[in-house]
Each structure stands twice: as structure tokens, then as C-alpha cells.
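I have placed the structure first, in the form of C-alpha cells, so that the comments after it can refer back to it.
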Amino acid sequence: MERSIEGYDFLKGEVLLFDKELDWTSFDLVRKLRNILYKVTGIKKIKVGHAGTLDPKATGLMIICTGKETKNIDTHQAKAKEYIATIKLGATTPSFDLESAEDATFPTDHITPELLENALTGFIGEIDQVPPLFSAVKVEGKRAYLHARAGSDMVLQAKKITISELEVLNFSQEEIVLRIVCSKGTYIRSLARDLGIALNSGAYLVGLCRTRIGEMKLEDAWNLESFMEKINSNVTN
């Protein structure tokens, strides 16, 4: 963040990097930033949009575009993403993450580092992935998670995604940590679910942080609170 905030032109268009907080939706971040920019500029209709959703239980890098830069959102969304994922072994949840309670448990004594590495090779490259029913995918005109919350057990249609890198950062028979580089549209929750099946056990996502989008890195991102303090300080001075 070497660039001075005084040089920003939010109406003309800016590409801003933010670290989304836990339990915020992606729209929460957009809404909060839009309110900040309105208070600072007095302009009600500054366009603000994000280039790629993060689930509420995920943290990390989000690209926020303002003004005319919102026209380039699709370009940013198409770039490869990097995540650090923490996955619990030996259990499942309906949402494939912490949004719902465990509904089944499985043995993990047979899972070894070698078995894990062999299982991961099956997910490298272009694969068919079924999105979670607890997701924002539209089905019959409404979001899939609304069907899920109504008790539906429908299975969504598989989509082509690409996983280019899978690296084990930490291993135990209860929990693993993976570094993942993947294409747009990849659901890490679904990867966790599918990995549990491949290991003849169960698995679900308990932590997720997006660390990179294309060449843009989390280490260069703003915290919304520090951004607000900086921009308010600039206005006051």
C-alpha cells in the first residue's frame, strides 16, 4: 500500500484490495465501503462491486472495484485464486463447512500422509465438481441455499473447474491444512467433501483464507477499519 490515499479517484475508478473479516458476507464489505465513500465524497451513486465472492466463514483477499473500474470485474474474476484451507477429517456437515452441525462421523485411523498425497493427485487438473447445495448458485430462479434451508436434498449439476496446485502444509489424522491454487468457480467446501470421500472417510471445511487473486496478494490488502481511519484522516487534514 505504498500509494498515497490522497491520489484515489473513486468516481473515475479504483481497484482496491481488502481483507474480508470472518462472518461478513461479500456484500457486507461492499455495502460498508460504499457508505464510507459516500460520507467522504458526498456522491450517492458511486458504483462499488466485488470481483469474486467469499463465503461468510472465509476470510482473505477481495478485489473491490469502484466507478468505471467496475467494468473490469469479470477480468479480475477470471484470474486464478490461491487459498489456505483447513479441513477437518472424520466428519461431515450438510453445508460442507461450519455453517451447519456435523451429521455423520467416520474413522480416520487409516489415513496416512501417503494416502492423502495419493488422493490429492486425483484432484489436479480439470475436473467435474458439484457445487454445495448451501451456495449462491441459482436453481429454478432462486439461490440454491434457499432450497437447502427449505429441506431440499437436490443435487446440483457438476461444473468444470481446474485445480493447478495442491500442497499439504500440515497433516494429522484429525485435521489437514492445504494450499490450493484453482480456477474461478471452484468451491473449496466441495473439494473438502470430495477429499473425505476419496479418503474413505468424511471431511469438511473449518477454515479458509484467500491469499491471492492473479498477481494481487493479501499482504497488500487494506483492513476496512484502517482504510476508514486513513481516508477520514485525509479529509480532516
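Each value in this text was obtained by applying a stated rule to the coordinates, not by laboratory testing. Everything quoted here is computed from the prediction, not taken from an experiment. Positions of Cβ are generated from backbone atoms using ideal geometry, with glycine treated the same way; all protein chains shown enter the neighbour counts.
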Value at 222 nm in deg cm²/dmol, rounded to 500, when DSSP H runs of n ≥ 4 in the chain each add -39,500 (n - 2.57): -7500 deg cm²/dmol
Of 88/159; 88/230; 12/230; 44/159; 47/160; 68/230, those spanning more than 29 Å from alpha-carbon to alpha-carbon: 88/230; 44/159; 47/160
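What FRET efficiency comes out for the pair residue 21/residue 232, r = Cβ-Cβ distance, R0 = 22 Å, nearest 0.05? Each step should come with its number before you reach the end.
Values: r = 19 Å, r/R0 = 0.86.
So, using R0 = 22 Å, E works out to roughly 0.70.
Can you figure out the FRET efficiency of residue 112 with residue 164, using R₀ = 25 Å and their beta-carbon distance, to the nearest 0.05?
Numbers: r = 25 Å, r/R0 = 1.00.
Efficiency for this residue pair is about 0.50.
Take every DSSP beta bridge whose two residues both sit in the chain, then give the antiparallel share in percent to the nearest 5. Show your work: numbers first, answer last.
Working: 46 of 50 bridges.
Beta bridges within the chain, antiparallel portion: roughly 90 percent.
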Tilt relative to the chain, helix 188-198 - C-alpha long axis, 0 to 90 degrees, to 10: 10
Positive-pole candidate from 112, 78, 90, dipole of segment 57-114, charges at beta carbon: 78
